[in-house]
Every structure is written in structure tokens, then in C-alpha cells.
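**Student:** The structure's right below; bear with me while I get my questions together.
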Amino acid sequence: MLCTLLLALSIVQAPAATDTRLPLAVLYAGAPGTEREIDWLAFLRANFATVDAVSLRDLTARSAHGYDVVVADWSWRYADLDAPDVLDLGAGALGYSLSEPIPTPIVMVGGIGGEMDRKTKLRGL
């Protein structure tokens, strides 16, 4: 009888860990390959069910389609304007703007948020 009980207990598996991540799909649009992007993605993947990344240069309504929220970010921008991480989309070193409206909610982080706000007239939202 004891052997049967021990055998039964050894077969019973511990309950599977519950996934505590929020059931949201997040698109991170930032500076690919930077330490900042790596840290953000680690944070987002630990907290949200689906997380993907694109370069901020490639953020469009199409790339954002199917996501619940977009996190728009870029690396530090003002210490050295000649640094390779300065975003230049042809509108000047500090002139980022979306090429089209994006219906997905956007969380704008850091300096790029201010630029997106100024260029896309999102103030007051």
C-alpha cells in the first residue's frame, strides 16, 4: 500500500506555473540593437504576452496593425548630435514625424515622444 501511494505521488505533477503576463500584444519601435532596446524588450516580454520589435524608422500603420499598443522610443539624443544613434529620417537630425496616422495607441518615451508630439500635433491627448 505504501509503495502504491509513493508511486502515485511520484506520477502526480506539480501544477503548471500560471502565466502572469498581461494578455496584450506590444510593438516596441526603437533603435535596433542598442542596449536600451535590449533592456526594454526584456521588461516588456516579462510583462506582456506578445512583444515584437521594429526600428522606429519602420513604424507605420501597417507595422502596428494587430498590436494593442506601440511603445515608441529612441536612444539618448542630445549629448552628441553626430553620434550614430541620432535618428535622421530625412527631416533633419531632430525632426521625426510619423508618415501616416497610426490608429494603435502609442506610448511615447523620452525625447522622441516630444518630437512625435510636436510634429504630429498630438498635444492635449
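The values are calculated or read from the model by the stated rules, or taken from the named source; none is laboratory data. A quick note: this is a predicted structure, and the numbers were derived from the prediction, not measured. Counting neighbours? That spans all protein chains shown, and the Cβs are built from the backbone with ideal geometry, glycine included.
**Student:** For residue 56, state whether it is out of contact with any strand residue (DSSP E or B) (no Cβ under 7 Å at 6 or more places or on another chain), of a type in the set (A, V, I, L, M) and modelled with pLDDT under 90.
**Tutor:** Spelling it out, it is not the case that residue 56 is out of contact with any strand residue (DSSP E or B) (no Cβ under 7 Å at 6 or more places or on another chain), of a type in the set (A, V, I, L, M) and modelled with pLDDT under 90.
**Student:** Hey, another quick one. Report every pair of residues separated by at least 6 positions or lying on different chains whose Cβ atoms are under 6 Å apart, first residue within segment 31-58 and aliphatic (A, V, I, L, M), second in a helix (DSSP H, G or I) and at pLDDT below 95.
**Tutor:** Hits for this filter: 31/37; 54/63.
**Student:** Considering segment 18-37 alone, what residues qualify as being modelled with pLDDT of 95 or more and either surrounded by fewer than 11 Cβ atoms within 10 Å (Cβ to Cβ) or not aromatic (Phe, Trp, Tyr) (or both)?
**Tutor:** 21, 22, 23, 24, 25, 26, 27
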